[in-house]
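*Asks:* Pasting a structure here, questions to come.
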Amino acid sequence: MILRSAPASPFGRMVKLAAHVLGLMDQITVEHSDTIDPDDTIRLQNPLGKIPALITDSRVIYDSRVILEYFDHLGGGGTIIPQDPEARMDCLIRNARNIGIMDAALLVVYEGRYRPDEMRVESFVEHQRDKIRRALDQIATESIEYTNDDMPDISQIGLACVLDYLDFRKPINWRDHCPHHVGFMQSFAAAVPGYRVTLPPGLDPSTLR
Ligand SMILES: N[C@@H](CCC(=O)N[C@@H](CS)C(=O)NCC(=O)O)C(=O)O
């Protein structure tokens, strides 16, 4: 399988981490994609021109949610996504929230990257930051337990990717909202396979921050 991704992508990191956790990385070749380049083949593989996209023998799978579902299936089912209906629903909602934070953080980044200074709309950026703040405030009310050697589920994998991405791009400081998640990040970083090798470029491991 070929995974089209880029080192800074939080969505790409989430699926890479899931593949590490499930021991699937030896079946995957990661191929860099530059989504800004109009000649990059990602636009032929995924009409939306977005990463991650997973190319298998039979199809191209996008987006990150669907790739995670596929990896869970390859892992035997009920591995990174619980099978029990209640636990599954909780996990999928948390995953949707993680992805929503990534979307909002990315829009903050894109506002700076794609618009000239005089065209930036600060109220739009604040609107996105507020989504991140509200989501983090909700996360802060939930107990999150990660015990070394547990197989993390997709909501835990995604949360680690979210918090690191917020440290990487700095749209806001997540520790102001959920300071007790520092402990989660430290145990996750110390125990989960692939954590270090998938870090965004130049970001220290959570154990060093
Ligand atoms: N909903 C998608 C979002 C993926 C996404 O937005 N990826 C970004 C990179 S981090 C991208 O491809 N951006 C290029 C674009 O929007 O044209 C998923 O979960 O996979």
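The values are calculated or read from the model by the stated rules, or taken from the named source; none is laboratory data. Bear in mind the structure is a predicted one, so any value in this text is a computation, not a measurement. For neighbour counting, all protein chains shown are included, and Cβ atoms are generated from backbone atoms with ideal geometry for every residue, glycine included.
*Asks:* Go through the stretch 125-141 and give me each residue that's surrounded by fewer than 13 Cβ atoms within 10 Å (Cβ to Cβ) and more than 18 Å from residue 181 (Cα to Cα).
*Replies:* Answer for the stretch 125-141, where residues must be surrounded by fewer than 13 Cβ atoms within 10 Å (Cβ to Cβ) and more than 18 Å from residue 181 (Cα to Cα): 126, 130.
*Asks:* Out of all the residues in the stretch 128-146, which are part of a helix (DSSP H, G or I) and in contact (Cβ under 8 Å) with a residue 12 or more places away in the chain?
*Replies:* Correct list: 128, 129, 131, 132, 133, 135, 136, 137, 138, 139, 140.
*Asks:* Let me ask you something else. Any idea how many residues of the stretch 94-134 are among the aromatic types (Phe, Trp, Tyr) and within 14 Å of the ligand (Cβ to nearest atom)?
*Replies:* 2
Conditions (1) touching an Asp or Glu at 6+ places or on another chain (Cβ under 7 Å); (2) at pLDDT below 95; (3) assigned to a helix (DSSP H, G or I), marked per residue:
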| position | (1), (2), (3) |
| --- | --- |
| 118 | no, yes, yes |
| 126 | no, no, yes |
| 160 | no, no, yes |
| 183 | no, yes, yes |
| 203 | yes, no, no |
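*Asks:* Next question. Here's a check for you: in the stretch 60-71, which residue that is within 10 Å of the ligand (Cβ to nearest atom) and hydroxyl-bearing (Ser, Thr, Tyr) is farthest from the chain's Cα centre (by Cα)?
*Replies:* Applying the filter and picking the extreme gives 62.
*Asks:* Now for a separate question. Say we look at the stretch 1-59 and pick out the residues that are among the polar types (S, T, N, Q) and within 14 Å of the ligand (Cβ to nearest atom); which of these is surrounded by the fewest Cβ atoms within 10 Å (Cβ to Cβ)?
*Replies:* Across the stretch 1-59, the extreme among qualifying residues is 41.
*Asks:* So, one more: Starting from the stretch 60-77, take each residue that is more than 14 Å from residue 24 (Cα to Cα) and free of Cβ contacts under 8 Å to residues at least 24 places away in the same chain and list its partners that are assigned to a helix (DSSP H, G or I) and more than 12 Å from the ligand (Cβ to nearest atom), counting only C-beta distances under 9 angstrom and pairs at least six apart or across chains.
*Replies:* 61/70
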